[in-house]
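Visitor: Dropping a structure here in structure tokens format, bear with me for questions.
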Amino acid sequence: MSNRDLSFPLLEQSVDRLVVLTTAPSTNAEIKNFLSDGDVVAVITDNQTDGRGRLGRHWVTKPGESIALSVALPWSGEDQDSSGSWVPLIAGAGVVSALLQYGLAEASLKWPNDVLVGESKLSGILCEWVPAGWVIVGLGLNIDFPVDAPPSPRATALFHHVAAAEG
């Protein structure tokens, strides 16, 4: 990752295995290399070169501007059926809840997979069901980029709204 802190203690405590990559084409694709019986695995990078969003849209992260995170969880179904359609909404609700706790009062969830601040997109969620019994929850979160050079016209970044904690 960039010059940012490479430690994620809360994430590391929440999963069986955390893989931090300096670069990855796609965290959803990379995480498939680390799946093992019943383990909850997370892969994270701030330099995703060929990520994708819903409907085949690209989600590319420049070093330091965004974080791409994928978490693989055991899944009893073989694919997304009616019982799995709620997974992106639950993931998005979790992101919104965390943002609200940190004072981002305008954070909201836009069905089916966008996290907004006001009218601007802060995060996107892409879930993928793997036939071997996994659901992969992918999250792209804009951290910081120049206000006058957003990655897309309606994008916003976390640091545009929340002051970084002073250390």
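The values are calculated or read from the model by the stated rules, or taken from the named source; none is laboratory data. Given the structure is predicted, the values throughout are model-derived calculations rather than measurements. Here the Cβ positions follow ideal geometry from the backbone for every residue, glycine too, while neighbour counts run over all protein chains shown. Note: accessible area is taken over every heavy atom of the protein model, side chains too, but ligands, DNA and RNA are not part of it. Shrake-Rupley method; radii C 1.70, N 1.55, O 1.52, S 1.80 Å.
Visitor: For the range 83-125, which positions are closer than 15 Å to Gly53 by Cβ and touching a helix residue (DSSP H, G or I) at 6+ places or on another chain (Cβ under 6 Å)?
Guide: Pro112, Asn113, Val115, Ser123, Ile125
Visitor: Further question: Looking only at residues in the range 28-47 that are under 22 Å from Ala157 (Cβ atoms) and touching a Pro at 6+ places or on another chain (Cβ under 7 Å), which one is surrounded by the fewest Cβ atoms within 10 Å (Cβ to Cβ)?
Guide: This residue is Asn47.
Visitor: Also, quick follow-up: Touching a residue at least 12 places away in the same chain (Cβ under 8 Å) and either touching a helix residue (DSSP H, G or I) at 6+ places or on another chain (Cβ under 6 Å) or of a type in the set (Asp, Glu) (or both), is that true of Val19?
Guide: Against the criterion (touching a residue at least 12 places away in the same chain (Cβ under 8 Å) and either touching a helix residue (DSSP H, G or I) at 6+ places or on another chain (Cβ under 6 Å) or of a type in the set (Asp, Glu) (or both)), Val19 qualifies.
Visitor: If I filter the range 48-62 down to residues being within 17 Å of Leu158 (Cα to Cα) and among the hydrophobic types (A, V, I, L, M, F, W, C), which single residue comes out as least open to solvent (accessible area, probe 1.4 Å)?
Guide: Trp59
Visitor: Taking the criterion of being hydrophobic (A, V, I, L, M, F, W, C) and crowded, with 23+ Cβ neighbours inside 10 Å, would at least one residue in the range 19-27 satisfy it?
Guide: Yes; the residues of the range 19-27 include at least one that is hydrophobic (A, V, I, L, M, F, W, C) and crowded, with 23+ Cβ neighbours inside 10 Å.
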